[in-house]
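The values are calculated or read from the model by the stated rules, or taken from the named source; none is laboratory data. This is a predicted model, so every value here is computed, not measured. Positions of Cβ are backbone-derived with ideal geometry, glycine not excepted, and every protein chain shown enters the neighbour counts.
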Amino acid sequence: MNPKNKIALAVHGGAGTIRKSSMTVELENEYREGLKNALEAGWKILSKNGNALDAVEISVVVLEDNPLFNAGRGAVFTHDEKNEMDACLMDGKTCKAGAIAFVRNVKNPVKLARLVMEKTEHILLAGVGANEFAREMNVALEQDEYFFTDFRYQQLLNARKEHKIQLDHGADEVSSLKSQATSRETKSEFVNVADEKKFGTVGAVACDAYGNLAAATSTGGMTNKKFGRVGDTPIVGAGTFADNQTCAVSCTGHGEFFMQAVAAYDVACRMKYKKLSLEKAASETIEYLRGIGGEGGLIAVDAFGNVALPFNSEGMYRAFVASDGKPVIEIYKS
């Protein structure tokens, strides 16, 4: 272990208009527990001198398996009533990356992204070809029913009715949606999402004991999306980036703006060329996004275990743990 390096891990579960006044105690506890479980899974690896890549992968897997978050099992529906998912993973030591876009029925898209990095000469596989690769690699697949929740389906029906790709939900939807809820899980989400703007993505960034960095991001995209729309998540440098010389970054927000800004790489560039600290570089990137109309946030770590979690929205589901081993879990603006 290099004494100059301190292990660190951060995770996020999306950003948006997230206010305490709109959150039940029960639901807040569920979100906090989901973030805590993701942290613990990754930290278990880092604390035993494991590598950053394994840590971010398992943290994202835990979030993909949680239906509260828009990734994996909790992925939203497309216009055609499908769940199409994107993911990316990048190794800061080698600067190699793997990504997949609009895959279907893959239980953990981040695992498939890693296989793209390790088993192919490519970086990004998409659609039918990505699913064919998943079958060849024998990754875990699930039937459509695994990804179905009544809440996500009602989101789609409302988005179709309003003829729009759904990024936010009006308060007038709350009563009608609640009346259709049949489970505690579904009811609890209405308080938070049906009347709030929420950008659903999950991600993790880590620094291991040897100063190696890694980042991973996964998403179900936008409700009612058409035409094979892909956001920033699987685009190296836009939603995900890692380089031991600078930082590891995972973004969450309105993907089109993060692509315009090449946001994840922008943080690294500000560190490399302007010689800024991680905190300053990450904050400047988020301010730049605000200037062009982009809303959301990011999580980042550098090779010395520093952590930054800036955002310009009302809230961001986020958590981190540094070398002291004490987890910090936050949702709202301070």
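Here are a few things to note about the model shown:
- Residue among 303, 214, 238 that alone is modelled with pLDDT of 95 or more, of a type outside the set (Ser, Thr, Tyr), part of a loop (DSSP other than H, G, I, E, B) and touching a helix residue (DSSP H, G or I) at 6+ places or on another chain (Cβ under 6 Å): 238
- If the condition is being over 24 Å from residue 325 (Cα atoms) and more than 15 Å from the chain's Cα centre (by Cα), then segment 45-78 contributes 77, 78.
- When 182, 223 are checked against the criterion of being modelled with pLDDT under 85, β-branched (Val, Ile, Thr) and surrounded by fewer than 16 Cβ atoms within 10 Å (Cβ to Cβ), 182 stands alone in meeting it.
Residue-by-condition table, conditions (1) surrounded by 24 or more Cβ atoms within 10 Å (Cβ to Cβ); (2) touching a helix residue (DSSP H, G or I) at 6+ places or on another chain (Cβ under 6 Å); (3) over 18 Å from residue 155 (Cβ atoms); (4) not aromatic (Phe, Trp, Tyr):
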{"residue": "103", "(1), (2), (3), (4)": "yes, yes, yes, yes"}
{"residue": "110", "(1), (2), (3), (4)": "yes, yes, yes, yes"}
{"residue": "113", "(1), (2), (3), (4)": "yes, no, yes, yes"}
{"residue": "124", "(1), (2), (3), (4)": "no, no, yes, yes"}
{"residue": "130", "(1), (2), (3), (4)": "yes, no, yes, yes"}
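- So residue 14, is it more than 20 Å from residue 239 (Cα to Cα) and either touching a residue at least 24 places away in the same chain (Cβ under 8 Å) or assigned to a strand (DSSP E or B) (or both): no
- Residue in segment 150-166 that is assigned to a helix (DSSP H, G or I), within 19 Å of the chain's Cα centre (by Cα), closer than 21 Å to residue 58 by Cα and modelled with pLDDT under 95 present: no
This table checks each residue for (1) farther than 21 Å from residue 110 by Cβ; (2) touching a helix residue (DSSP H, G or I) at 6+ places or on another chain (Cβ under 9 Å); (3) of a type in the set (Gly, Ala, Ser).
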| position | (1), (2), (3) |
| --- | --- |
| 5 | yes, no, no |
| 12 | no, yes, no |
| 17 | yes, no, no |
| 25 | yes, no, no |
| 31 | no, yes, no |
| 41 | no, yes, yes |
| 46 | no, yes, no |
| 51 | no, yes, no |
| 71 | no, yes, yes |
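- Against the conditions (1) closer than 21 Å to residue 82 by Cβ; (2) in contact with a Gly (Cβ under 8 Å, 6 or more places away or on another chain); (3) of a type in the set (D, E, K, R), residue 226 satisfies every one except (2).
- All positions within segment 233-289 that are of a type in the set (S, T, N, Q) and touching a strand residue (DSSP E or B) at 6+ places or on another chain (Cβ under 8 Å): 233, 240, 244, 250, 252, 283, 285
- Residues satisfying the stated conditions in segment 41-53, i.e. surrounded by 16 or more Cβ atoms within 10 Å (Cβ to Cβ), assigned to a helix (DSSP H, G or I) and not hydrophobic (A, V, I, L, M, F, W, C): 42
- Index of the failed condition, residue 89 passing every other in (1) crowded, with 24+ Cβ neighbours inside 10 Å; (2) free of Cβ contacts under 8 Å to residues at least 60 places away in the same chain: (2)
- Checked against the criteria, residue 56 counts as modelled with pLDDT of 90 or more, part of a helix (DSSP H, G or I) and within 21 Å of residue 279 (Cβ to Cβ).
- Residues in segment 207-264 that are farther than 28 Å from residue 79 by Cα and among the hydroxyl-bearing types (Ser, Thr, Tyr) were compared, and the one that is nearest to the chain's Cα centre (by Cα) is 246.
- Tabulated pairs, segment 43-70, first at positive phi, second crowded, with 23+ Cβ neighbours inside 10 Å, C-beta under 9 angstrom, 6+ apart or interchain: 49/7; 49/208
- For first residues located in segment 314-333 and without any contact (Cβ under 8 Å) to a residue 24 or more places away in the chain and surrounded by fewer than 17 Cβ atoms within 10 Å (Cβ to Cβ), partners that are small (Gly, Ala, Ser) and assigned to a loop (DSSP other than H, G, I, E, B) and lie 6+ apart or on another chain with Cβ distances below 6 Å do not occur.
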